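The values are calculated or read from the model by the stated rules, or taken from the named source; none is laboratory data. Please read these numbers as outputs of a predicted model, since none were measured by experiment. Neighbour counts are summed over all protein chains in view; Cβ atoms, including those assigned to glycine, are modelled from backbone coordinates with ideal geometry.
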Amino acid sequence: MHLQRTPGLILHARLLGRLGKHLEAEQQIRAALELRTRILGPRHPEGAATMDDLADEIESQGRHSTADAIRQETLAIRKLGMGSGHPALGRSFSGLARTAVAQGDLLGAESMAREGLEVREHAHGRENALVAQSMVQLALILAQRGAPQIGEALLRDAREILGRQLKPDHSELARIDRLLEEVRHQHP
């Protein structure tokens, strides 16, 4: 088996996960990770993306503490191999924020989401879709924590950024509009 096969394994695993075949998806991702680890070594940054996929799949099964441990390891691998300001850290922080929310740790989630936003903004500049994605994540966390006005402002900023990059009828803009309405109802 060659390293070039791992993207195919991951895509197949994602499809299995979407079809509700989570254990099969997890097995596929573990096979891809094992292959990458055997070829590249256990702490290679390229393996971190596969570890993120594994954490996503495990989290979708409700195994949050296991997903969190994998995400922490992924963050450490990326920091060691890529440096503390590398844009790929944004994915790690975003995943850690999602896991923290799932575990009811909104303060930890806010911290991770802020770090992810900071890394992405520093790496890509403010006018970037990944930055907007991080703003949306942080906005929803802040709204849950009782700061819907700040969340609403972040959602508006994200909407503006994406509005300049996407067609007016894009589904992501419609999603943010729905989220804005939900957040507005939290503070009349």
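Check Gly47 against each of (1) closer than 22 Å to Leu75 by Cα; (2) surrounded by fewer than 18 Cβ atoms within 10 Å (Cβ to Cβ) and name the one condition it does not meet.
(2)
Of Ile29, Ile39, Ile58, which residue is surrounded by 20 or more Cβ atoms within 10 Å (Cβ to Cβ), in contact with a His (Cβ under 9 Å, 6 or more places away or on another chain) and not acidic (Asp, Glu)?
Ile58
How many residues does the stretch 94-149 contain that are of a type in the set (Gly, Ala, Ser), in a helix (DSSP H, G or I) and more than 18 Å from Ala55 (Cα to Cα)?
7
Which pairs do you get when a residue that is without any contact (Cβ under 8 Å) to a residue 60 or more places away in the chain, found in the stretch 6-21, comes within reach of a residue that is of a type in the set (Gly, Ala, Ser) and surrounded by 12 or more Cβ atoms within 10 Å (Cβ to Cβ), reach meaning Cβ atoms under 7 angstrom, with the pair 6+ apart or on two chains?
Thr6/Ala32; Leu9/Ala31; Leu9/Ala32; Ile10/Ala32; Ala13/Ala25; Leu16/Ala25; Gly17/Ala25; Gly17/Ser60
Met112 fails exactly one of the following numbered conditions: (1) touching a residue at least 40 places away in the same chain (Cβ under 8 Å); (2) under 24 Å from Gly47 (Cα atoms); (3) out of contact with any His (no Cβ under 9 Å at 6 or more places or on another chain); (4) surrounded by 24 or more Cβ atoms within 10 Å (Cβ to Cβ). What is the number of that condition?
That leaves (1) as the condition not met.
Have a look at Asp52, Asp56 and point out the one that is in contact (Cβ under 8 Å) with a residue 40 or more places away in the chain and in a helix (DSSP H, G or I).
From the options Asp52, Asp56, the qualifying one is Asp52.
Restricting to the stretch 67-97, what's the tally of residues that are within 15 Å of Ile29 (Cα to Cα) and over 14 Å from the mean Cα position of the chain (by Cα)?
Residues in the stretch 67-97 being within 15 Å of Ile29 (Cα to Cα) and over 14 Å from the mean Cα position of the chain (by Cα): 0 in total.
For the stretch 123-140, which residues satisfy the criterion of being among the polar types (S, T, N, Q) and buried (at least 21 other Cβ atoms within 10 Å of the Cβ)?
Ser134, Gln137
With the structure loaded, tell me whether Arg71 is modelled with pLDDT of 95 or more and not assigned by TED's automatic domain parsing to the domain that holds Gln133 or whether it fails that test.
So Arg71 passes the test.
Quick check on Ala67: is it crowded, with 17+ Cβ neighbours inside 10 Å, part of a helix (DSSP H, G or I) and small (Gly, Ala, Ser)?
Spelling it out, Ala67 is indeed crowded, with 17+ Cβ neighbours inside 10 Å, part of a helix (DSSP H, G or I) and small (Gly, Ala, Ser).
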